Amino acid sequence: MKHALTTTRASDFAAWYQEVIAAADMAEESGVRGCMVIRPWGYGIWERIQRLMDDRIKAAGVQNCYFPLFIPLSYFAKEAEHVDGFAKEMAVVTHHRLIADGKGGLTPDPEAKLEEPLIVRPTSETVIGAAMARWVQSWRDLPLMVNQWANVVRWEMRTRMFLRTSEFLWQEGHTAHADRADAMKETLRALEMYREFSETVLAMPVIAGEKPEHERFPGAEATYSIEAMMQDGKALQAGTSHYLGTSFAEAAGIRFQTSEGDHAFAHTTSWGTSTRMIGGVIMTHGDDDGLRVPPAIAPFQVIIVPMLREDEGDAAILDYCASLAAELGAQSALGERVRVHLDKRPGKSAGKRWEWLKKGAPVVVEIGGRDVAAGKLAAIRRDALYRDDGKLATEFPERAPFVAGIGALLESIQTNLHAEAKARLDANIVRDIVDWDGIVHYFKTTPVPGWVEISWSRPTGAALDAVVEKVKALKLTMRNVPLDAVAASGTCPLTGEPAVERILIGRAY
RNA sequence: CGGGGAGUAGCGCAGCCCGGUAGCGCAUCUGCUUUGGGAGCAGAGGGUCGCAGGUUCGAAUCCUGUCUCCCCGACCA
């Protein structure tokens, strides 16, 4: 069957991923190492994610604010584990002026060296912690819950668009609480928010769980994640939530007077999701014809393409399209007005149709003179592009019932995309392996391996290091300990010790 | 950051070894024909060959440096 992309998922998944991004006009190279230009269609998807996530964040009583891009090195140095975790990937500002280098170029002015270097934030715990120290005096000031939408920079060695870029966009929530129980409750609330968001908005099923010790955020006491399975079976960590204990509060001085009159350090949390989720959407829903955008995050849900012939009949077609767009736009889907776009650009309608299909617009409607005369239209749904015979599954409904049913149609596409991905996730987690040979056999013989969930002994220290090395030899990593896993049983295949909990293992991005 | 590959028109590529007027396909534009599923024919426009030096009468081509991308590894909350 002929497809819109030249690379298929089966032939070269990594190349396919890049082709989708290019073909859907989502993002492109910027000329700056590891940084991308996010184009309107990609950014429009991000704006949708922002809006729907922001609604949830605010509904939880968290307020938005904004903190500086630059963080004094001294702030950052206060939490030792945090520094160790990020020091190797830091962008540092050392000068504030340029001068001519005598060769026609510019160079930092040695006279303008900063007294204290500024780092470009890789995350904002330290600078937000400093503010929280000022804002929190009394137990009455807690909990303090803030969030910011921002860009952060991490100088990664190897970058991939949306999945791991030097600069990325995200939201980072930061909260301070009077005690451990309250902070842990917030950590898990944020995790559940991410799980629900991923499932219902991104139509991307995930497993929520706790990261093993060695995968924790630097400085955290506990890290939780949502893990999504891509179409190549690899895991993508799509959101994290951390219980930070009191170490960041101690480093920043977030101290308060309790109702009993003594002093205590706050228990803090942080949680984040980023533009990486867009990479997850691509690798969850994309197919060999490009992207498929879940209707909830599609910048436009319905595209109307008039089939113009540059003759006197065009005016009637455009009138018909305009009134159809208005009627569709007055309908609701997924709790919002339907987002309709009338593509009035000149050009061949076939070319425009494929452009929108590659972008993944959920529904493409084409209108020709015959439709105007008959009061009908031609509709293509992106989640079910082809008929069994390989031709486009275009339908030709009457206008009025189509308009009345658009909300239900978009909702069914949203549901359908989720169901497809959920079936794939469920089918590719193996839960009955009980020994190391079984793990090796699974990953060596399965053409597109997914994940295995095993009972393990939760080793720590050197024993954990040994286990990490052992699975690394198979290019595997421990993903998380699912919150809703069944009880552990038997012996840990990795250590031979009695198992205490269930953990997911798989290849990861 | 180590090993490998690549950068030539909007996109995909050839030309480079062996230096001598910048090529092809798709896309774009024009004309004619066509017209309900990515139309056909004819013609046209578009590139300081990633960037900076060097060698040479002459550099896309040879040399040096540098930037960016891709693959493998290391790294990756």
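Every read-out reported here was derived from the displayed coordinates using simple, explicitly stated rules and does not represent laboratory data. Nothing here was measured: the structure is a model prediction, and the numbers come from that model. Neighbour counts run over all protein chains shown; Cβ positions are idealised from the backbone, glycine included.
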Mean ellipticity per residue at 222 nm, deg cm²/dmol - from DSSP H runs of n ≥ 4 across chain A, formula -39500 (n - 2.57): -10500 deg cm²/dmol
Treating only Lys and Arg (+1) and Asp and Glu (-1) as charged, each at its beta carbon, one finds that the stretch A:109-197 has a dipole about its Cα centre, in Debye to the nearest 20, of 360 debye
Highest mean packing first, using Cβ neighbours within 10 angstrom, the peptides A:324-336, A:364-376, A:461-473, A:244-256 sort as A:244-256, A:364-376, A:324-336, A:461-473
How about the stretch A:126-229: which trypsin sites (Lys or Arg not before Pro) there lie in a loop by DSSP and see at most 11 other Cβ atoms within 10 Å? A:ARG158
Gyration tensor verdict on the stretch A:13-285 (Cα atoms; rounded if a/c is under 1.5, prolate if a/b is larger than b/c, oblate otherwise): oblate
Please report, largest first and rounded to whole Å, the three semi-axes of the ellipsoid equivalent to the stretch A:29-128, where each semi-axis is the square root of five times an eigenvalue of the C-alpha gyration tensor. 32, 23, 13
For a quick check: sort A:SER138, A:SER241, A:SER166 by the number of other beta carbons within 10 angstrom, fewest at the front. A:SER138, A:SER166, A:SER241
If you plug each phi of the stretch A:388-399 into the Karplus form 6.51 cos²θ - 1.76 cosθ + 1.60 with θ = phi - 60°, what whole-Hz ³J(HN,Hα) values come out, in order, with x for Gly and Pro? 4, 7, x, 8, 4, 8, 6, 10, 10, x, 5, 4
Which ³J(HN,Hα) values, rounded to whole Hz and listed in residue order, are derived for the stretch A:480-485 from phi using the Karplus coefficients 6.51, -1.76 and 1.60 in 6.51 cos²θ - 1.76 cosθ + 1.60 with θ = phi - 60°, glycine and proline given as x? 7, 9, x, 5, 9, 5
Can you tell me the orientation of helix A:314-329 relative to chain A, as the angle in degrees between its alpha-carbon axis and the longest Cα principal axis, to the nearest 10? 40 degrees
Cα lying deepest toward the dipole's positive end in the stretch A:357-509, options A:ALA473, A:ALA379, A:ALA485, charges on Cβ: A:ALA379
Only Lys, Arg (+1) and Asp, Glu (-1) charged, at Cβ; the stretch A:1-137 dipole about Cα centre in debye: 380 debye
Any idea what diffusion coefficient chain A gets from Stokes-Einstein, in µm²/s, Kirkwood Rh on alpha carbon pairs, 4 °C, 1.567 mPa s? 51 µm²/s
Rounded tilt (10° steps) of A:349-359 against the dominant C-alpha axis of chain A: 20 degrees
Alpha carbon centre of the stretch A:24-54 versus the stretch A:216-239: separation in Å? 21 Å
For A:GLY239, residues with placed amide H under 5 Å, excluding near neighbours: A:ILE226
How far, in nm, would the chain grow between A:VAL92 and A:GLN18 when pulled straight, counting 0.36 nm per residue and subtracting the alpha carbon separation? 23.6 nm
Whole-Hz couplings from phi, Karplus 6.51/-1.76/1.60, listed for the stretch A:263-278; x for Gly and Pro: 9, 8, 8, 6, 9, 10, 9, 8, 8, x, 9, 9, 4, 4, 4, 5
Using the crude model of +1 on Lys and Arg Cβ and -1 on Asp and Glu Cβ, and no other charge, please compute the dipole size for chain A relative to its Cα centre, in debye to 20. 800 debye
Which of the aspartates and glutamates could a cross-linker bridge to A:LYS88, judged by Cα under 13 Å and excluding same-chain residues fewer than eight apart? A:GLU156
Output for the stretch A:1-73: chymotrypsin sites (Phe, Trp or Tyr not before Pro) sitting in coil per DSSP, at most 12 other Cβ within 10 Å, listed by number, reads A:TYR66
Once Lys and Arg get +1 and Asp and Glu get -1 on their Cβ, which of A:ILE38, A:PHE197, A:TRP139 lies farthest toward the positive end of the dipole of chain A? A:ILE38
XL table A:LYS78/A:LYS472; A:LYS234/A:LYS358; A:LYS358/A:LYS472; Cα-Cα > 28 Å flagged, in table order, is A:LYS78/A:LYS472; A:LYS358/A:LYS472
Rounded if a/c under 1.5, otherwise prolate or oblate - the stretch A:457-509, Cα gyration tensor axes: oblate
